[in-house]
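The values are calculated or read from the model by the stated rules, or taken from the named source; none is laboratory data. Small disclaimer: the values here were computed from a predicted structure and weren't measured. All Cβ positions, glycine included, derive from the backbone under ideal geometry; neighbour counts span all protein chains shown. Accessible surface areas use protein heavy atoms only, side chains included; no ligands, DNA or RNA. Shrake-Rupley method; radii C 1.70, N 1.55, O 1.52, S 1.80 Å.
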Amino acid sequence: MPEVRKRKWGKLVALGVVLAVLVPLGYLWATSLVPGQYNPADMGYADYGGGTHSMGHMDHMGGMSVADLTGPKTGTPDVNVTLVARKQKYQLASGETVDGYTVNGTSPGPLIRAKVGDVVQVTFVNESVPDGATLHWHGIDVPNAEDGVAGVTQDAVPVGGKFVYRFKAEQAGTYWYHSHQVSSDEVKGGLFGPIVIAPATPGEVVATIHTYDGKRTINGRTGSARVNLPAGTPARVRVINTDNTVLRVGLLGSSYKVVAVDGHDVHGPTLTTAAYALPAGGRVDLEAAVPADGLRLVAGASSLSLGIAPKGTDPPSGDLPGDTVDLLKYGTPAPLGFDPSKATRNFEYRIGRTAGFLDGKPGLWWTINGHKFPDVPMFMVAEGDVVRMKISNTSGQAHPMHLHGHHVVVLSRNGVAATGSPWWTDTLEVGNKETYEIAFVADNPGLWMDHCHNLPHATEGLMTHLMYEGVTTPYRVGGHSKNQPE
Ligand code: C2O
Ligand code: CU
């Protein structure tokens, strides 16, 4: 072949190679794009978990809108508060300056307190959060329209706007509220606070743990703080982890009981000195009588603690012990109130990771059952279903999995059956290479997020929904309302 023709062929071959790489890449890129606006109810593909479904039935029902699944609309609320969100520079209780978000001028926001049976009304005002904001009642199984998820159960509240949440407090326990609009940024920046459903007792200590700009705090204080309690007081320490990763906590100075997990009492708790691994988003109530020398709550390292001690004493300090409470066998069994062996839906939630594009961005992305967001399974149920779900994780990292609107009970971990107290949870740490079997009753109709509470992971696609057949939503993710729940 003459030199010129050879070069021409060479160029064509090179072009062919380039195209062979670029065209599939371009295809992968293009198919990864998430529409600018989408209906969260139409996301992904329906997974009926082997249960029956009848479109006819749904048509018959004509659909039930998320917007209609509200709490009690009328009646004087027993608890009536206004929470105002701002973007601002503020000072932590221990003095450091943070540029983030506040609720009523502080972070953590004010403690909301209610009793079981109370109607709680919260008027949420967005004074200056530019991306908009909402309040989600983490762990409180409120009616769907009160769940506070932007683009799913409401529109994000814009600057100058407000939204009234109303729900009946049904389950005593420790909870927290946080924005569910651009949550990975707004929660990190401070848009959250504690809520306790139980009467205040003299020994109650609420410890909300959060990391602001790399500074980990208890109730907004770095270092060690203290509360004075007379010796002998039964202290109930309500610990809330508002960060993105698991945190070991525990009491020094006395053995203690793990009396509640995620707003559910533990049955037959026994004394322990082990530490407790508190998942991101999770809560735990620790109980001990205050000894003469006092107690100390330690969060992570010994450098962050809260003394709980009689005036003038210096409670013991130090590191947490190396062993950890295992809820799989802690406490004693009790009836669940339903029979998981009669499951009408069986789901798998397999968490993996793959290289590719998500919304046009190359990277390593989470997968659910091998699918990348938004092409993820939509777990479909009908009211009354007994649901089993096997959550497995081979993604290389741990994930604190949070299902909205329901508490789930742990049946087994890595094939080992639970033998302790019923382990009710709303935020379950699923470590790498772990498999949990959980069960719950579908008793709260709606469209519910089911996501990782390491919030950047949710932004990276570790997010799907539990959806009741026949439920529709008028809200959209994206679009002019700029809803962006993660
Ligand atoms: Cu604590 Cu989906 O949220
Ligand atoms: Cu995760």
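Details
- Annotation: of all residues in the stretch 473-486 being away from ligand 1 (no atom under 14 Å from the Cβ) and among the charged types (D, E, K, R), the one that is farthest from residue 381 (Cα to Cα) is 482.
- Between 125, 164, 120, 159, the distinction of being of a type in the set (A, V, I, L, M, F, W, C), more than 16 Å from ligand 2 (Cβ to nearest atom) and either modelled with pLDDT under 95 or in a loop (DSSP other than H, G, I, E, B) (or both) belongs to 159 only.
- The stretch 85-112: number of residues that are open to solvent by less than 70 Å² (accessible area, probe 1.4 Å) and either charged (D, E, K, R) or part of a strand (DSSP E or B) (or both): 12
- Residue count for the stretch 456-472 satisfying the condition of being touching a Gly at 6+ places or on another chain (Cβ under 9 Å) and within 11 Å of ligand 1 (Cβ to nearest atom): 1.
- If the condition is being crowded, with 16+ Cβ neighbours inside 10 Å, aliphatic (A, V, I, L, M) and not in a loop (DSSP other than H, G, I, E, B), then the stretch 32-48 contributes only 41.
- Count of residues meeting criterion [of a type outside the set (Lys, Arg) and away from ligand 1 (no atom under 16 Å from the Cβ)] in the stretch 392-427: 22
Results for (1) more than 15 Å from residue 86 (Cβ to Cβ); (2) without any contact (Cβ under 8 Å) to a residue 12 or more places away in the chain; (3) not hydrophobic (A, V, I, L, M, F, W, C), shown as yes or no for each residue.
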{"position": "117", "(1), (2), (3)": "yes, no, yes"}
{"position": "128", "(1), (2), (3)": "no, no, yes"}
{"position": "154", "(1), (2), (3)": "yes, no, yes"}
{"position": "162", "(1), (2), (3)": "no, no, yes"}
{"position": "170", "(1), (2), (3)": "yes, no, yes"}
{"position": "194", "(1), (2), (3)": "yes, no, yes"}
{"position": "198", "(1), (2), (3)": "yes, no, no"}
{"position": "201", "(1), (2), (3)": "yes, no, yes"}
{"position": "205", "(1), (2), (3)": "yes, no, no"}
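- Note on the stretch 413-437: among residues that are assigned to a strand (DSSP E or B) and either within 16 Å of ligand 2 (Cβ to nearest atom) or open to solvent by less than 10 Å² (accessible area, probe 1.4 Å) (or both), the one that is farthest from residue 351 (Cα to Cα) is 425.
- Checking each residue in the stretch 220-252 for being open to solvent by 50 Å² or more (accessible area, probe 1.4 Å), over 20 Å from residue 288 (Cα atoms) and in a loop (DSSP other than H, G, I, E, B) picks out 245, 246.
- Highlighted here are the strands (runs of 3 or more DSSP E) found entirely within the stretch 271-364 that include at least 3 residues which are farther than 22 Å from residue 204 by Cβ: 301-309, 345-358.
- Qualifying position, being more than 16 Å from ligand 2 (Cβ to nearest atom), open to solvent by less than 10 Å² (accessible area, probe 1.4 Å) and not aliphatic (A, V, I, L, M), among 370, 405, 384: 405
- Restricting the stretch 355-384 to residues that are away from ligand 1 (no atom under 16 Å from the Cβ) and of a type in the set (Val, Ile, Thr), the residue that is farthest from residue 432 (Cα to Cα) is 381.
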